[in-house]
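Scroll down for the structure; my scribbles are underneath it.
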Amino acid sequence: MSPRHVRLPSARHRRPGAARANQPGEVLRCLLLARGPEWVAVDVATGAVVRSRASGWPLVPIDSSIARSGAHHRADGTVSRTGPELNVVEIELADDDEPMDPARPEAVMLREAPELVGTPRRRAIRRILRELLPLDSRRPLLGSLGPSISYEDLDGTRPSVAVVAPDRVPLFAWDAAGTWCQFTLGGRKHRLPVVDERVVEADARSRGGTLTSNAVERAIGGTPRYLVVALGAPRRGQAPKLVLGVLPRP
């Protein structure tokens, strides 16, 4: 069975920058950007990014009608891809009794795991991703030059998630510490841990520790184009920058 096709708000009906729904029981329709061990999504009506609490929530399930081995473009403008990333989900907000985490100001409390709705058109996906990109890629990623930010310096007033388009196709590799990604953004080099489980579990690793491009493309459904970078749980007083999601070009 083919995934249901869904329409996203047109440019004239979108409200970028507007306050998103935030009351318990309200439902957000979002484009899913990453799903596990933390999920990240963007409200398609306002462009507001939301993410899971550090305490964790059930992962977004892979619907059998959406999960595919690889990705391909259809004649009608939609795209089939591996897993639910870049598909539309609905999330119902719940009462949030946890204190605000300055390292996750976008975090929300949910009644249950996000529900998969369907697949939008490529043009709509590209428009939303472009709106999320930083206006100046040469500025420090998430407000700092290093791979982490001191937790004491965070007050919850700046974003903890960024969607970026590296200058070139990023390099993925692994070592004893785990999987990592090296990329250049605005001429500045970065090397960050990867927690996107599709990439972490990708096969075809070379002896030298490099993940082959074919393995990564099979894992995410296309050539890596966008990275979802976010602050992770503090360690020794530092909130590390992590690659939560790796996305192909829609």
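The values are calculated or read from the model by the stated rules, or taken from the named source; none is laboratory data. Predicted, not measured: the structure shown is a model, and the values here were computed from it. In this analysis, Cβ positions are derived from the backbone assuming ideal geometry, glycine residues included, and neighbour counts consider all displayed protein chains. To get the accessible areas, we keep the full protein, side chains included, count just its heavy atoms, and leave off ligands, DNA and RNA. Shrake-Rupley method; radii C 1.70, N 1.55, O 1.52, S 1.80 Å.
Things worth noting here:
- Single residue of segment 20-53 satisfying the filter (open to solvent by less than 10 Å² (accessible area, probe 1.4 Å) and polar (S, T, N, Q)) that is modelled with the lowest pLDDT: Ser52
- Failed condition for Pro159, given (1) buried (at least 16 other Cβ atoms within 10 Å of the Cβ); (2) part of a loop (DSSP other than H, G, I, E, B); (3) within 16 Å of the chain's Cα centre (by Cα): (1)
- Criterion: open to solvent by less than 40 Å² (accessible area, probe 1.4 Å) and among the charged types (D, E, K, R) - qualifying residue of Asp175, Asp196, Asp167: Asp196
- Selection count, segment 229-250, where residues are in a strand (DSSP E or B) and surrounded by fewer than 21 Cβ atoms within 10 Å (Cβ to Cβ): 4
- Just one residue in the set Gly209, Gly187, Gly146 is open to solvent by less than 20 Å² (accessible area, probe 1.4 Å) and more than 21 Å from Val40 (Cβ to Cβ); that residue is Gly209.
- Among the residues listed as Arg123, Arg81, Arg127, the single one being under 19 Å from the mean Cα position of the chain (by Cα), closer than 29 Å to Asn214 by Cα, at pLDDT below 90 and among the basic types (Lys, Arg): Arg81
- Of the residues Ala113, Ala162, the single one that is modelled with pLDDT under 90 and either out of contact with any His (no Cβ under 9 Å at 6 or more places or on another chain) or on the phi > 0 side of the Ramachandran plot (or both) is Ala113.
- Within segment 109-143, the residues that satisfy the criterion of being open to solvent by less than 50 Å² (accessible area, probe 1.4 Å), in contact with an Asp or Glu (Cβ under 7 Å, 6 or more places away or on another chain) and part of a strand (DSSP E or B) are Leu110, Leu116, Val117.
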